[in-house]
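The values are calculated or read from the model by the stated rules, or taken from the named source; none is laboratory data. Predicted model, so just to flag it, every value in this text is computed and none were measured. As a convention, Cβ positions derive from the backbone with ideal geometry for all residues, glycine included, and neighbour counts pool all protein chains shown.
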Amino acid sequence: MPIGFAKSILAQDTTATGANSFVGWDGSNDHTFTRNAAVNHFIGFAPFNDEYGVMVSALDSGGSTADKIQYDVMRNNSGTLSITSQGNIIINDVGTSNYRALSKYGLVAPLQNGKVLYDGKDNQSNKYHIFSISGSTVSHTDATGTANRTMHNTPIFVSRTADSTGYNNIRTQKLGETIETSGNHFETTPTVSTESSSNGIYFYGDLHGVPGFVDNDTPFFLNDTFGTAQKLQPYKIDLGTAGSQTPTLFSGSPTNSQTMSQFDTANSTNFGSNSYELDIFATPPFNDVSFNDIAIFIRREGGGSSNKFVFDTYKAGDSSVERSNIVTVSNFSTGGDTSGTCCFVGATNDVFLFAGYDPGNTRIVVLKYVHSTNTLSEVLNFSENLPSSNEEVRLHRWGSSGAILTYGTTKMRLIQA
């Protein structure tokens with residue numbers, strides 16, 4: 001790590017948890033929109049700017065008709081969401097396998113040159129696709145080359161600060177690689193692949209928690225130490241070191257078991273036996289290394305049908321892991337929940353949104369976490385009877401201007417301050 005780099009990255013406005021227009025977000029300024037034709041899955045979204053972006057979706061055309069991966073051009077016109085160009089074909093399948101229509105995988109992310117990338121599991125030798133915009137017109141370059149990043153179910157594809165052709169491709173479980181590219185912005189073989197070899201993530205495999213960064217080469221994650229005195233502690237990996245490695249603690253990391261205990265004994269609530277699994281997603285919750293220096297771990301109470309949530313967080317350089325207040329969500333039972341979705345909203349990393357669906361009660365809930373006050377609250381809770389084939393909600397970050405919540409096969413909600 002270059003001397004002084006950590007201080008410079010943490011001093012930027014994007015990482016300082018301060019003023020953020022979404023701190024007071026209550027949903028009253030949002031705009032809902034219904035697509036006039038159903039899709040099978042909303043895959044991901046990425047913006048060109050505050051006004052235009054691309055939403056990628058999968059469509060089963062039925063019978064022997066080719067399945068499709070397609071895109072819509074989305075517009076935020078002074079707070080009103082619309083589609084200006086719909087159903088543009090990215091991939092036309094051949095045959096009747098429904099592979100395309102069932103696809104939830106891939107990556108949809110903004111690039112540093114102002115374009116948008118779609119890299120999907122499309123059985124085309126891992127070909128990737130690039131979108132460009134001129135005025136309000138979006139063009140698509142078909143399968144321009146072979147993407148050499150590792151394919152993750154939950155990719156956090158982030159630009160490397162002060163590196164105009166560099167990205168980190170991170171998974172939500174202690175694994176990542178650095179991709180140094182040239183003019184094509186994606187095709188060069190990754191320079192290093194790194195994975196930790198111990199300290200398994202809390203209870204499950206790879207779909208839990210959001211990492212933070214100390215600098216370009218140092219993501220960190222909240223891990224469970226297991227053992228008798230089970231604790232959550234922040235562990236770092238070094239993307240500058242190739243191959244498997246044992247993650248390291250921050251210097252002076254606390255060992256206070258009460259602060260980082262899995263169990264909230266003071267409230268007679270057992271969060272230790274459960275966590276909330278993140279769904280497969282294609283839209284990263286943030287897009288630049290310098291944006292986020294906070295690791296977040298989302299938990300729910302165990303022991304059956306509980307509707308209690310709590311967040312554990314660690315900000316790089318802090319002396320302890322923080323625990324939010326416990327939120328009891330109304331008309332919601334996590335005993336029958338489906339996987340969740342999340343993203344930051346606003347120009348800083350102070351406000352983080354989490355959404356989930358309860359099919360038993362047919363409810364969608366959106367929680368807001370504000371790091372500067374360490375508070376978790378329920379903001380949205382509404383009835384939506386999603387089809388059993390698509391009990392999915394997705395949060396897609398839209399730069400600093402907000403996010404899009406997609407759910408089911410037609411519904412979109414523009415989240416704005």
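Among what's in the range 75-104 and is hydroxyl-bearing (Ser, Thr, Tyr) and surrounded by fewer than 21 Cβ atoms within 10 Å (Cβ to Cβ), pick the residue that is modelled with the lowest pLDDT. Working first, answer last.
Kept after step one, since they are hydroxyl-bearing (Ser, Thr, Tyr), are these residues of the range 75-104: 78, 80, 82, 84-85, 96-97, 99, 103.
Remaining after also requiring surrounded by fewer than 21 Cβ atoms within 10 Å (Cβ to Cβ): 78, 80, 82, 84-85, 96-97, 99.
Working: Ser78: 96, Thr80: 98, Ser82: 98, Thr84: 98, Ser85: 98, Thr96: 49, Ser97: 53, Tyr99: 52.
Across the range 75-104, the extreme among qualifying residues is Thr96.
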I want to confirm something. Restricting to the range 167-181 and keeping residues that are modelled with pLDDT of 80 or more and more than 18 Å from the chain's Cα centre (by Cα), which single residue is farthest from Asn148 (Cα to Cα)? Thr178
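With the requirement that a residue be closer than 21 Å to Asn223 by Cβ and either of a type in the set (A, V, I, L, M) or at pLDDT 90 or above (or both), what does the range 285-299 give you? Full working, then the answer.
Taking the range 285-299 and keeping what is closer than 21 Å to Asn223 by Cβ, we get 285-286, 289, 292-299.
Hits for the range 285-299 are Pro285, Phe286, Val289, Asn292, Asp293, Ile294, Ala295, Ile296, Ile298.
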For the range 373-380, does any single residue satisfy the condition of being modelled with pLDDT under 95 and farther than 24 Å from Gly87 by Cα? no
Any residue that is modelled with pLDDT of 80 or more and crowded, with 22+ Cβ neighbours inside 10 Å - is there at least one of those in the range 28-37? no
Of the residues in the range 314-341, those that are at pLDDT 90 or above, part of a strand (DSSP E or B), surrounded by fewer than 23 Cβ atoms within 10 Å (Cβ to Cβ) and not aliphatic (A, V, I, L, M) come to Lys315, Thr328
